[in-house]
Amino acid sequence: ATISVSSSSICNGDSVTVTFTGTPNATFNYSVAGGPTQTNVLNSSGLYNIVYTPTGNTTFALSNVRMLDGSGAVICSQPLNQLVAVIVGPVLSATIAGTTSVCSGETTVITFNGTPNTTVTYTVDGGSNQTILLDGTGSASLTTPTLTVNTVYDLVSVATNVAPICSENQSGSASITVVQLPTATISGSTTVCSGSTTIITFSGTPNAEVTYTVDGGSNQTIILDTAGLATVTTPALNLNTVY
């Protein structure tokens, strides 16, 4: 009798067919992963198959084959020591992180984590597939280009780089919200009589905080309203003044 497997390397969760071949109607003993001895009988064509789903690297051992008479007594027997091994790929996983808000024109960092030494496939805004290699600790990161619009990085899959070559679809995303740069203008240049006041007007992004100085002094602030406007009435002026 001999033993063989349909594949010597499989992906996690896959099954393998173990085939025993030999003298028709012979009885044989085998074990799986060092477990208890099991007994089966080859059919009239000298074949017997089992389908097995390993949870890790597994060795199948064929230890004995024998012919029995009608009463079950051994006619002749042959000890065997045949081993076949199946390598099972790792459980694959990947995650993505980096959801944040940035100002227009800035960059940010996208982080991938998962099964060490695998290749992660991702897309940017639903575009073509791109890949990144996780290191021995299962980590990788990339810096985005300068962003001016909202951008989404989506996971697609994770795959091994050595046999057995396995791939698992993945889900997850990192969404970057791009906040447009606030704007502000100032107006109010005019000529007044000594002792008079005037109005300085600020316009810009609604609800933004505007910082300004008077004659190069310390910073002062004012909040624009929901229409993007705010005004300041100067004190009585007796010198040229710059806001």
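The values are calculated or read from the model by the stated rules, or taken from the named source; none is laboratory data. None of the values given here were measured: they were computed from a predicted structure. Here Cβ is always computed from backbone atoms with ideal geometry, including for glycine, and neighbour counts include all displayed protein chains. All accessible areas refer to the heavy atoms of the entire protein, side chains included, with ligands and DNA or RNA removed. Shrake-Rupley method; radii C 1.70, N 1.55, O 1.52, S 1.80 Å.
Residues in the stretch 198-207: is at least one assigned to a loop (DSSP other than H, G, I, E, B) and open to solvent by 50 Å² or more (accessible area, probe 1.4 Å)? Yes, because at least one residue in the stretch 198-207 is assigned to a loop (DSSP other than H, G, I, E, B) and open to solvent by 50 Å² or more (accessible area, probe 1.4 Å).
Against the condition in contact with an Asp or Glu (Cβ under 8 Å, 6 or more places away or on another chain) and surrounded by 13 or more Cβ atoms within 10 Å (Cβ to Cβ), how does Gly172 come out, does it pass?
Values: in contact with an Asp or Glu (Cβ under 8 Å, 6 or more places away or on another chain): yes; surrounded by 13 or more Cβ atoms within 10 Å (Cβ to Cβ): yes.
In short, yes.
Checking each residue in the stretch 175-191 for being surrounded by 13 or more Cβ atoms within 10 Å (Cβ to Cβ) and part of a loop (DSSP other than H, G, I, E, B) picks out Pro182, Gly188.
What is the one condition in (1) open to solvent by 40 Å² or more (accessible area, probe 1.4 Å); (2) part of a loop (DSSP other than H, G, I, E, B) that Gly35 does not satisfy? Gly35 satisfies all of (1) open to solvent by 40 Å² or more (accessible area, probe 1.4 Å); (2) part of a loop (DSSP other than H, G, I, E, B) except (1).
Have a look at Tyr48, Tyr30 and point out the one that is part of a strand (DSSP E or B), at pLDDT 95 or above and open to solvent by less than 20 Å² (accessible area, probe 1.4 Å).
Details: Tyr48 fails: open to solvent by less than 20 Å² (accessible area, probe 1.4 Å).
Exactly one of Tyr48, Tyr30 is part of a strand (DSSP E or B), at pLDDT 95 or above and open to solvent by less than 20 Å² (accessible area, probe 1.4 Å), namely Tyr30.
Whenever a residue of the stretch 208-231 is open to solvent by less than 90 Å² (accessible area, probe 1.4 Å), its partners that are among the charged types (D, E, K, R), lying with C-beta atoms within less than 8 angstrom and at least six residues away or across chains, give the pairs Thr221/Glu209; Ile222/Glu209; Leu224/Glu209. A search for C-beta distances below 7 Å between a residue of the stretch 1-27 that is under 30 Å from Ser93 (Cα atoms) and any residue that is of a type in the set (Phe, Trp, Tyr), counting only pairs 6+ apart in sequence or on different chains, returns Val5/Phe60; Ser15/Tyr52; Val16/Tyr52; Val18/Tyr52; Val18/Phe60. Please indicate, with yes or no, whether at least one residue in the stretch 215-222 is of a type in the set (A, V, I, L, M), touching a Leu at 6+ places or on another chain (Cβ under 8 Å), more than 30 Å from Gly89 (Cβ to Cβ) and not in a loop (DSSP other than H, G, I, E, B). There is no residue in the stretch 215-222 that is of a type in the set (A, V, I, L, M), touching a Leu at 6+ places or on another chain (Cβ under 8 Å), more than 30 Å from Gly89 (Cβ to Cβ) and not in a loop (DSSP other than H, G, I, E, B). Restricting attention to the stretch 149-170, the residues being within 15 Å of Thr115 (Cα to Cα) and either touching a Cys at 6+ places or on another chain (Cβ under 9 Å) or at pLDDT 95 or above (or both) number 13.
Using the structure shown, decide if Gly70 is exposed (fewer than 14 other Cβ atoms within 10 Å of the Cβ), modelled with pLDDT under 95 and farther than 30 Å from Val179 by Cβ.
Values: exposed (fewer than 14 other Cβ atoms within 10 Å of the Cβ): yes; modelled with pLDDT under 95: yes; farther than 30 Å from Val179 by Cβ: yes.
So Gly70 fits the description; yes.
Filter the stretch 171-193 down to residues that are of a type outside the set (A, V, I, L, M) and either under 18 Å from Gly114 (Cα atoms) or touching a strand residue (DSSP E or B) at 6+ places or on another chain (Cβ under 7 Å) (or both), then give me how many there are.
Applying the first criterion (of a type outside the set (A, V, I, L, M)) to the stretch 171-193 yields 171-173, 175, 177, 180, 182-183, 185, 187-191, 193.
Still in the running and either under 18 Å from Gly114 (Cα atoms) or touching a strand residue (DSSP E or B) at 6+ places or on another chain (Cβ under 7 Å) (or both): 171-173, 175, 177, 182-183, 185, 187-188.
Result for the stretch 171-193: 10.
Here is the figure for the stretch 98-157: residues that are open to solvent by 30 Å² or more (accessible area, probe 1.4 Å), of a type in the set (Gly, Ala, Ser) and assigned to a strand (DSSP E or B) total 3.
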